[in-house]
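I have placed the structure first, in the form of structure tokens, so that the comments after it can refer back to it.
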Amino acid sequence: MRATILKGPRQVAVEQVPDPVLPGPAGMVIEVERTAICGSDLHLYHDAPTGVGIHLGHEAIGTVVETGPSVHTHAVGDRVLISGVVGCGLCGPCLAGRPNICLANGAAAFGTLPDLPGGQAEAMAVPFADTFALRIPEGVSDEEAVLLTDILPTGYVGALRADITPGSVVVVVGLGPVGIMALQCAALFGPSRILAIDVVPERLARAAALGAEPIDASVASGAEQVKAATGGRGAQSVIEAVGADATVLDAINCCAAGGTISIVGVNLSPALPFPMGLVFLQSQTLRTVFAPIPSTWSALVPLVQAGHFAHLAPTFTHHLGLSQAAEAY
């Protein structure tokens, strides 16, 4: 089969690789029909931090072509969506849909490690399929199903952990795909205002179309503009969806005293100049999360089916074939 391979920083190629095999009796193999490039994929593409030869991609849907004898909720021919994050599949958190806190330290995203090939390929192996895959529900489009594999759950958890209350003020820092998902999910909790920070005009315009108040951080500091827009107080809830040092610090500075910062942007920098004094003296709560994707499906699927996320399709900027993966990156 063909798969998208990371060859080095800013180098990918579609190559022939061996077909996937069952990853144990509780696993299955799917023929991939739709996949996507996420901001997390770009971290790998830019720097290749986990090494070359990785089979990329952690957002995929497709049709089951083979199941192990211990798979009970899926059958050959089913169309399924796959959690972008998996774990050992056996511990309590994994069985509860929270592989991000796998007790066996098995939490990992597809397409980030050599032994967990990803979904930007013609087929992929899925371990512990009953836990980490979901039959695509009726009324959920292919594009919505792809978003349910990672970024919609990530945005939802970012909003859920931001302690949003009815009538409060929310800030979303970063309006890429995850940030836009977080913005739409934040609205579910009834805030009076959502302030949306970015530097890209098209992203700011999309946020405005979704009812947020756009803040262009290329004009002045996002935090300064948030303070000006809130009478100097800041926002009770801040969601950071970029992961850069600068945006993490901006998110903290946007937050009101006693408020909550919820970080879903990926930042693995040991050199982050964390402002502990500010967070301590302002009695702020800071949370981070590697999204527990399967645990969100029971809440998100009915919301998708009911049309609560009516503006998901523009999240996909291009539609290309697998052979165009290098161009897509």
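The values are calculated or read from the model by the stated rules, or taken from the named source; none is laboratory data. What you see is a predicted model, and the numbers here were worked out from it, not measured in a lab. Neighbour counts run over all protein chains shown; Cβ positions are idealised from the backbone, glycine included. Side chains included, ligands, DNA and RNA excluded: accessible areas come from the protein's heavy atoms. Shrake-Rupley method; radii C 1.70, N 1.55, O 1.52, S 1.80 Å.
In order along segment 285-297, the Karplus-derived 3J(HN,Hα) couplings, from 6.51 cos²θ - 1.76 cosθ + 1.60 at θ = phi - 60°, round to 9, 10, 10, 10, 7, 9, 3, x, 4, x, 5, 8, 4 Hz, and Gly and Pro are given as x.
Its relative contact order, with pairs defined as Cα atoms under 8 Å and 6+ residues apart, puts the chain at 17 percent.
Each of the peptides 27-38, 292-303 was scored by the mean count of other Cβ atoms within 10 Å over its residues; in descending order, highest first, they stand as 27-38, 292-303. Per-residue Karplus couplings for segment 43-54, computed as 6.51 cos²θ - 1.76 cosθ + 1.60 with θ equal to phi - 60°, are listed in order as 4, 5, 4, 6, 10, 6, x, 9, x, 8, x, 5 Hz, Gly and Pro entered as x. Farthest toward the positive end of the dipole of segment 1-111, out of His58, Met28, Ile101, is the Cα of Ile101, where the dipole comes from beta carbon charges about the Cα centre.
In the chain, taking the dipole from charged Cβ atoms about the Cα centre, the farthest positive-side position among Ala325, Val219, Ser283 is held by Ser283. In order along segment 187-197, the Karplus-derived 3J(HN,Hα) couplings, from 6.51 cos²θ - 1.76 cosθ + 1.60 at θ = phi - 60°, round to 4, 5, 9, x, x, 7, 9, 10, 9, 10, 10 Hz, and Gly and Pro are given as x. Once the chain from Ser218 to Leu268 is taken as fully extended at 0.36 nm per residue, the excess over their C-alpha distance is 15.5 nm. Modelled this way, with points 7 Å down the Cα-to-C-beta line, the labels at His311 and Val289 are 2.3 nm from one another. Pop a pseudo-label 7 angstrom from the Cα along the beta-carbon direction at both Gln282 and Asp142 and give the gap in nm to one decimal. Here the answer is 4.5 nm between the modelled labels. Highest mean first, the peptides 122-135, 12-25 sorted by other C-beta atoms within 10 Å per residue fall in the order 122-135, 12-25. The peptide list 167-179, 257-269, 45-57, put in order of mean Cβ contacts within 10 Å with the highest first, becomes 167-179, 257-269, 45-57.
Counting only protein heavy atoms and using a 1.4 Å probe, the accessible area of Arg233 comes to about 130 Å². In a fully extended conformation the segment linking Val52 and Gln11 would gain 13.8 nm over its present Cα-Cα distance, using 0.36 nm per residue.
In debye, nearest 20: dipole of the chain around its Cα centre with unit charges on the Cβ of K, R (+) and D, E (-)? It would help to have the intermediate numbers written out before the result.
Details: 14 positive and 27 negative charges, 158 e Å.
Magnitude of the dipole: close to 760 debye.
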